[in-house]
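One structure below.
What follows draws every value from the coordinates through simple rules; no lab data is involved. Being a predicted model, the structure only gives us computed values, none of them experimental. Using ideal geometry, Cβ is built from the backbone for each residue, glycine included, and neighbour counts are taken over all protein chains shown.
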Amino acid sequence: MPETAPDQPVLEVQNYSMAYDTEAGRVEALKNVSLSVRPGETHAIVGESGSGKTTLAWAIMRYLPDNAHDLNGAILLGGSDLIGMSQVALTDLRGRRVSMVYQDPSSSLNPSMTLGDQVSEVLRRHRGMLPAEARIETEAALKRTGIRDPAAIMKRYPHEASGGEKQRVIIATAFACNPELIIFDEPTTALDILTANQIIELFLKLRDETGVAAIYISHDLGLVSRVADTVSVLYQGEVVEQGDVATVFGAPVHPYTQRLLASLPRPADRLAIDAPNDDAALMTLENVGVCYYAPSLLTRLLEPKTTAVYGARNISFSVKPGELLGVVGESGSGKSTIAKAATGLHPFEGKITFDGKTYENAKAFNREYRRQVQIIFQHPDGSLNPRETIGRILARPLLLYGLVPRVQVADRVAELLEMVLLPREFASRFPHQLSGGQKQRVAIARAFAAEPKLVICDEITASLDVSVQAVMARLLVDLQTRSGAACIFITHDLNLVRQLAHRIVVMRDGAVVESFATENSEQPDRAPYTQDLINAVPVLARPTLPKEIEELLQ
Amino acid sequence: MRKILSSPSGVVGVMLLTVVMSAAAFGPWLAPYDPQLFHAQNRLEGPSIAHWLGTDHYGRDMLSRILNGARSTVLFGLGATALGVCAGSIIGVVAGVEGGRTDSVIMRLLDGMLAMPELLFTLLIVTLLGGGTLQALLAVGVAFTPGMARIARSAVLSVRTREYVLAARARGESRAWIVLREVMPNAIGPIIVEATIRVSFAIMIGATLGFLGLGAQPPSTEWGLMVSEARQFMFRNPWGVIVPGIAIAMTAMGFNLFGDALRDAFDPKRSH
């Protein structure tokens with residue numbers, strides 16, 4: 001690090017504030033933020049969506065949109081202030097002294113350039129290398145990231161590489177010019193758990209080798225505890241707590257940090273209701289498969305090699321009445337496909353037996369089946385019709401299935417709203433006037449309005465913030481207790497599902513790996529894949545919290 | 001509405017439309033003379049105090065003719081567009097909702113129709129049906145159908161896979177409910193916007209047909225026909241061509257700007 005003395009911080013943000021000009025007036029996005037990162041240190045910035053994490057990263061890179069204004073403070077890189085620096089100086093600085101790794105590897109690479117060219121571009125631009133030199137250096141850089149055959153990867157285009165390989169290439173680019181500071185903006189959020197874990201290990205290895213300073217932005221506190229030395233907790237644009245990771249996560253002082261840490265799912269804190277004693281199954285899937293693409297007769301004649309593409313195949317499991325069954329798997333494992341097949345949204349093969357009746361295709365599902373099997377989707381923004389009021393959305397299942405007389409519908413809607421802890425007045429509002437968590441509650445209320453025997457929850461907490469997730473999980477268990485409905489809880493969050501479920505089904509590549517009772521999830525005879533999944537997500541120890549917070553959470 | 005008026009093009013569009021619409025609504029009462037009355041002494045005159053916009057080759061008052069013609073011109077545009085939008089939307093929604101083979105067959109047929117320029121296609125239909133206002137209106141409506149069907153279909157496709165539509169399907173709702181209550185209200189925005197912009201095209205095509213003698217027939221006060229009739233005397237009195245020409249341009253521009261502003265107002269990216 002030639003431009004920074006060893007004892008001096010690489011980056012120092014001093015009392016920095018910035019605001020965006022919007023139609024609603026000036027909105028302050030960051031308020032008096034101060035932090036410093038020393039050489040070799042990793043500073044994490046944690047917070048929920050909208051807390052200003054990414055804005056801070058852009059502010060440090062000086063990549064702000066036109067409606068952004070610096071209000072006060074300074075951003076010092078190696079002692080010189082970046083605010084007010086000329087465009088030319090900044091362009092020279094980016095990629096050479098500060099580089100950035102983004103969230104989604106598939107959109108941060110140029111699709112029409114080979115991966116090798118994208119890395120060597122940085123070397124040629126900032127280190128003045130000749131093409132031949134750059135190629136050799138690129139190969140070496142890619143090798144350091146653990147890519148097995150760098151020469152082959154260099155010739156490929158982004159669409160020919162996997163998500164993990166792409167993120168490795170981006171990391172190689174970020175480290176290419178030996179920068180003083182690298183900003184990681186949620187680098188593993190778009191990746192599967194196991195790939196994410198490898199990327200984290202790679203980051204730790206490269207950091208130790210190069211001694212680079214890093215800012216690591218994440219909403220995943222478990223991950224932060226693994227990679228970071230120091231942490232800033234950001235809440236509505238303000239740093240509410242700052243310090244050593246061990247200290248902040250072990251004994252948080254600010255109520256927001258306490259709440260955030262307390263709401264992390266931990267398998268030890270069981271939320272589930274007592275497991276049902278009944279052995280008879282409510283729903284049984286027997287060799288269920290969903291075919292996404294079946295070649296037509298003509299295609300088969302012309303190209304005999306084309307085969308059908310299955311989203312899931314030979315899936316068999318069962319749910320008991322009142323039980324909560326967790327279905328776990330990475331993206332593409334076929335878990336949502338099965339949910340859609342069971343609710344008649346996809347044609348399927350095989351047999352689904354529900355409540356004593358057997359159905360062999362999606363058309364056989366009658367209205368009574370559809371009433372008793374309800375589904376809740378992942379995105380709260382998408383699952384409510386934007387042109388209908390909440391009241392009408394909730395009234396629809398009541399009227400469709402004729403559950404209550406027409407005159408009592410309004411009362412029942414109010415009851416449903418109260419059941420999911422929303423005020424009665426929400427009946428006259430439109431979905432866009434509600435927050436994400438509130439919308440998801442409405443979607444849950446709509447599912448339970450049908451008085452179902454089985455509710456399928458398809459990743460219902462995945463797009464919500466941690467603290468909202470915890471509330472949603474509690475609400476679901478509460479509703480299950482009251483209604484006695486069984487539940488299939490589809491998720492990729494193992495810690496959460498181990499809190500909630502009685503039994504867990506693990507899926508991979510459209511097939512069931514194994515199923516087991518939750519209490520047996522750490523036994524040594526678990527499938528290796530299950531063990532990998534469980535080991536990939538760290539469980540944060542419960543912090544010591546003041547009594548009143550503990551009580552509040554109960 | 002406030003969003004439409006916040007853009008300059010929206011304001012101009014609304015102003016032009018107000019002028020044209022009031023002419024269409026009250027034209028016959030505002031007109032100083034009978035539009036068919038000959039003033040044999042004052043033929044082919046430019047603007048004067050007696051005749052504000054001059055007179056045509058029979059000495060008929062241009063202002064009165066323009067005011068009287070506004071209604072038929074605007075109605076022609078609206079009628080032809082309404083016809084095209086209705087037919088196109090039904091076809092597009094059916095294709096979008098059904099999907100699969102029905103969709104492929106309908107869309108390939110429409111692609112074939114789209115390959116022909118709109119005006120040429122209209123001319124073909126008018127030749128088959130014969131001249132006249134109603135025939136021209138029908139022709140423009142039919143010519144608009146494939147384009148509108150494409151837009152309706154794409155709007156439906158973008159809504160069809162939303163989770164609230166999936167939720168309705170999982171609930172066991174009837175197909176009619178899903179189309180009318182869940183899909184259409186959320187897909188109607190782009191269709192309305194496109195329709196508004198198309199009114200201006202319809203007016204221009206209508207005027208063109210009138211000019212070519214295939215639309216309204218004399219002594220109608222249709223604006224395109226007025227341009228056509230005045231063309232013979234263009235060098236003796238250019239006002240005969242300029243005045244209805246400007247009227248057509250104003251109406252077309254009004255609808256076009258209004259449609260643009262409407263599109264911006266509907267765009268969720270701009271509304272937050």
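At most 16 other Cβ atoms within 10 Å and a DSSP loop assignment: could you name the GluC sites (Glu not before Pro) in the range A:328-388 that fit?
Values: sites: A:GLU330, A:GLU349, A:GLU360, A:GLU368, A:GLU388; in loops: A:GLU330, A:GLU360, A:GLU388.
Hits after loop and neighbour filter: A:GLU360.
So what is the diffusion coefficient of the range A:51-182 in µm² per second by Stokes-Einstein at 37 °C and 0.692 mPa s, using a Kirkwood Rh over Cα pairs?
On the way: Rh = 15.9 Å.
Value of D from the Cα-based Kirkwood radius: 207 µm²/s.
Counting only residues 5 or more places away or on other chains, whose amide H sits under 5 Å from the amide H of A:ARG38 once H atoms are built in the peptide plane?
Amide H neighbours of A:ARG38: A:VAL10.
Can you pull the three principal axis extents for the Cα set of the range A:118-160, in Å, largest first?
28, 21, 15
Given H placed 1.01 Å from N in the peptide plane, which residues other than close sequence neighbours of A:TYR359 have an amide H under 5 Å from its amide H?
The answer is A:ILE352, A:THR353, A:PHE354.
Got a sec? How would B:TRP177, A:TRP58 order by Cβ neighbour count within 10 Å, fewest to most?
Working: B:TRP177 14, A:TRP58 17.
Listed from fewest to most nearby Cβ atoms, that is B:TRP177, A:TRP58.
Could you list B:LEU37, A:LEU400 in order of exposure, starting from the residue whose Cβ has the fewest other Cβ atoms within 10 Å? Working shown, then result.
Working: B:LEU37 11, A:LEU400 19.
Result, fewest neighbours first: B:LEU37, A:LEU400.
What percent antiparallel are the DSSP beta bridges of the protein assembly as shown, to the nearest 5? Can you show the working numbers first?
On the way: 47 of 84 bridges.
Antiparallel: roughly 55 percent of the beta bridges in the protein assembly as shown.
With point charges of +1 on the Cβ of Lys and Arg and -1 on the Cβ of Asp and Glu, referenced to the Cα centre of the range A:188-249, which listed residue (A:ILE199, A:ALA213, A:GLN236) lies farthest in the positive direction of the dipole?
Among A:ILE199, A:ALA213, A:GLN236, the one farthest towards the positive end of the dipole of the range A:188-249 is A:ILE199.
In nm², what is the average projected area of the convex hull enclosing the Cα atoms of the protein assembly as shown?
Mean shadow area of the hull around the Cα atoms is 46.2 nm².
Report for the range A:434-554 the percent antiparallel among DSSP-assigned beta bridges with both residues inside it, nearest 5. Kindly include the intermediate steps, with their values, before the conclusion.
Details: 6 of 11 bridges.
Taking every DSSP beta bridge within the range A:434-554, about 55 percent pair in antiparallel fashion.
Beyond 24 Å, what percent of the Cα pairs of the range A:1-112 remain? Write down the numbers at each step before the final one.
Working: 1825 of 6216 pairs.
Of all Cα-Cα distances in the range A:1-112, 29 percent exceed 24 Å.
Relative contact order for the range A:74-145 using alpha-carbon pairs under 8 Å, separation at least 6, rounded to a whole percent? Write out the running numbers ahead of the final one.
Details: 29 pairs, mean separation 13.9, N = 72.
For the range A:74-145, the relative contact order is 19 percent.
Over 22 Å between Cα atoms: which of A:LYS53/A:LYS166; A:LYS320/A:LYS351; A:LYS363/A:LYS453; A:LYS143/A:LYS205; A:LYS166/A:LYS305; A:LYS357/A:LYS453 fall into that group? Write out the running numbers ahead of the final one.
Numbers: A:LYS53/A:LYS166 24 Å; A:LYS320/A:LYS351 17 Å; A:LYS363/A:LYS453 20 Å; A:LYS143/A:LYS205 13 Å; A:LYS166/A:LYS305 30 Å; A:LYS357/A:LYS453 14 Å.
With Cα atoms farther than 22 Å apart: A:LYS53/A:LYS166; A:LYS166/A:LYS305.
Taking the Cα centre of the protein assembly as shown as origin, sum charge times position over the Cβ atoms of Lys and Arg (+1) and Asp and Glu (-1), and report the length of that vector in debye to the nearest 20. Write down the numbers at each step before the final one.
On the way: 78 positive and 83 negative charges, 490 e Å.
Dipole magnitude for the protein assembly as shown comes out near 2360 debye.
How large is the helix-only mean residue ellipticity at 222 nm for chain A, computed as the sum of -39500 (n - 2.57) over DSSP H runs with n ≥ 4, divided by its residue count, in deg cm²/dmol to the nearest 500? Numbers along the way, then the final one.
On the way: 20 runs with 197 residues, N = 554.
-10500 deg cm²/dmol, from helical runs alone.
Quick one: compute the contact order of chain B, relative version, from alpha carbon pairs under 8 angstrom and 6+ residues apart, as a percent.
Relative contact order for chain B comes out at 26 percent.
Enter the mean number of other protein chain beta carbons within 10 Å of the beta carbon of each residue in A:371-379, as an integer.
Average per residue, whole number: 3.
For chain A, what is the relative contact order in percent, using Cα pairs closer than 8 Å and at least 6 residues apart in sequence? Mind dumping the intermediate values first?
Values: 1057 pairs, mean separation 83.5, N = 554.
That works out to 15 percent.
Dipole of the range B:15-89 (Lys/Arg Cβ +1, Asp/Glu Cβ -1, origin at the Cα centre): which of B:PRO32, B:SER48, B:CYS86 lies farthest to the positive side?
It is B:CYS86.
Among the aspartates and glutamates, which fall within straight-line cross-link reach of A:LYS340, defined as a Cα-Cα distance under 15 Å, with same-chain neighbours fewer than 8 residues apart omitted?
Within the straight-line cut-off, A:LYS340 pairs with A:GLU349, A:GLU360, A:ASP458, A:GLU459, B:GLU163.
Along the range A:367-382, what does the Karplus equation 6.51 cos²θ - 1.76 cosθ + 1.60 (θ = phi - 60°) give for ³J(HN,Hα), rounded to whole Hz, x for Gly and Pro?
5, 5, 4, 5, 5, 7, 10, 10, 10, 10, 8, 6, 8, x, 5, x
Report the residue, chosen from B:MET116, B:MET226, B:MET148, that carries the largest GNM mean-square fluctuation when chain B is represented by alpha-carbon nodes joined by springs under 10 Å.
The residue with the greatest mean-square fluctuation here is B:MET116.
At most 16 other Cβ atoms within 10 Å plus a DSSP loop assignment makes a site exposed; report the longest stretch of chain A without any exposed trypsin sites (Lys or Arg not before Pro).
Longest site-free region, per DSSP loop and neighbour criteria: A:1-147.
Ranked by Cβ crowding within 10 angstrom, fewest neighbours first, how are A:SER106, B:SER64 ordered?
Ascending number of Cβ neighbours within 10 Å: A:SER106, B:SER64.
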